[in-house]
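The values are calculated or read from the model by the stated rules, or taken from the named source; none is laboratory data. Please read all numbers here as calculations on a predicted model, not as lab measurements. Glycine gets a Cβ as well: all are built from the backbone with ideal geometry, and neighbour counts include every protein chain shown. What goes into the accessible areas is simple: the full protein's heavy atoms, side chains included, and nothing from ligands, DNA or RNA. Shrake-Rupley method; radii C 1.70, N 1.55, O 1.52, S 1.80 Å.
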Amino acid sequence: RPLLEVTDLVKHYAVRGGVLRRQVGTVHAVDGVSFALGAGETLGLVGESGCGKSTVARTVLRLVEPTSGAIKLDGEDIAPLSKTALRPYRRSMQIVFQDPFASLNPRMTAGDIVGEPLTVHGLATGAKKQERVAELFQQVGLRPDQMKNFPHQFSGGQRQRICIARALSLGPRLIVCDEPVSALDVSIQAQVINLLIDLQRKQNFSYLFIAHDLAVVAHISHRVAVMYLGRIVEIADKHELFANP
Ligand code: ADP
Ligand code: ADP
């Protein structure tokens, strides 16, 4: 059984306009998307800007409410679950965004940022939490003495490492990466991608990996899904996909 099985996912956004904010139209952002993702597997999601990649990623995590469709995590459909019922599933699904600076609280130390999910879920406090955060820092190639520093004291690549450490903190089954290296210098991109690959080899979670750069997607993914106008138009093993252009 796959870790994640998405069936006929649809997301229509209401478009509002005018001073009364009346609904003036509908955007069919995702229009019947189905795919499965195995444990320890990486599925790349590619396609031109606006084709619905981010909406798929955010809907799978229920950060965006699906219009219809099933999102099965370990066989359990999480699409109809209430926010409360969803809580235990949230722990096992994390997201890493494109802009690491925007997703980090500038007034929190890096250590507090990485340890925050542990606090929110009541999993560790005090020395035990510090120890776990130090371990996460090491896993992503940061030094534990950097825990006391604030986001602006890190480089772009290091800030993305902080985001990755936070995503790892609860031992996720699935990490959604939404253009995680697009905002980084090209020389840093490969380092972060190789870190992501290395972490998966050791910890065996799955990635749903969005990027517009085919070389990046081809490097990290096992299979690639190509989206166009809200649908997956091709899904294949990456070797097949790039063998038949
Ligand atoms: P290569 O680096 O030779 O192009 P791949 O990137 O296809 O090889 O595979 C890298 C590793 O990921 C291999 O150890 C392979 O067994 C594993 N792998 C490949 N496809 C999958 C998959 N669908 N799910 C889980 N692991 C996979
Ligand atoms: P991609 O990630 O492939 O660039 P998105 O999922 O961001 O695509 O967007 C798909 C479509 O949905 C686009 O037409 C976009 O303008 C629209 N869209 C995205 N978010 C919203 C929103 N909150 N409200 C209305 N339309 C949206």
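Out of region 42-67, which residues are open to solvent by 30 Å² or more (accessible area, probe 1.4 Å) and of a type outside the set (V, I, T)? Break it down stepwise before answering.
Going residue by residue through region 42-67, those that are open to solvent by 30 Å² or more (accessible area, probe 1.4 Å) are 48-50, 54, 58, 63, 65, 67.
E48, S49, G50, S54, R58, L63, E65 - these are the residues of region 42-67 that are open to solvent by 30 Å² or more (accessible area, probe 1.4 Å) and of a type outside the set (V, I, T).
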> If you check every pair at least six apart or on different chains, which have Cβ atoms under 7 Å apart with a residue in region 1-20 that is over 17 Å from S54 (Cα atoms) first and a residue that is open to solvent by 60 Å² or more (accessible area, probe 1.4 Å) and among the acidic types (D, E) second?
Replying inline: L3/D74
>> Any residue at all in region 82-102 that's more than 16 Å from ligand 1 (Cβ to nearest atom), open to solvent by less than 70 Å² (accessible area, probe 1.4 Å), more than 15 Å from the chain's Cα centre (by Cα) and closer than 20 Å to A167 by Cα?
In response: yes
>> Testing G32 on (1) within 13 Å of ligand 2 (Cβ to nearest atom); (2) touching a residue at least 60 places away in the same chain (Cβ under 8 Å); (3) not aliphatic (A, V, I, L, M), one condition comes back false. Which one is that?
In response: (1)
>> If the requirement is being farther than 20 Å from I210 by Cβ, out of contact with any helix residue (DSSP H, G or I) (no Cβ under 8 Å at 6 or more places or on another chain), among the basic types (K, R) and not in a helix (DSSP H, G or I), which of these qualifies: R107, R87?
In response: R107
> When region 4-56 is examined, which residues are found to be within 16 Å of ligand 1 (Cβ to nearest atom), among the small types (G, A, S) and assigned to a strand (DSSP E or B)?
Replying inline: A36, G44
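Which ones in region 183-205 are open to solvent by 40 Å² or more (accessible area, probe 1.4 Å) and assigned to a loop (DSSP other than H, G, I, E, B)?
Quick first cut of region 183-205, residues open to solvent by 40 Å² or more (accessible area, probe 1.4 Å) only: 183, 185-188, 190-191, 194, 198, 201-204.
Result: A183, D185, N204.
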> How many residues does region 226-245 contain that are open to solvent by 20 Å² or more (accessible area, probe 1.4 Å) and either within 16 Å of ligand 2 (Cβ to nearest atom) or at pLDDT 95 or above (or both)?
Replying inline: 8
> What is the residue count in region 206-225 for residues that are open to solvent by 40 Å² or more (accessible area, probe 1.4 Å) and within 21 Å of V30 (Cβ to Cβ)?
Replying inline: 2
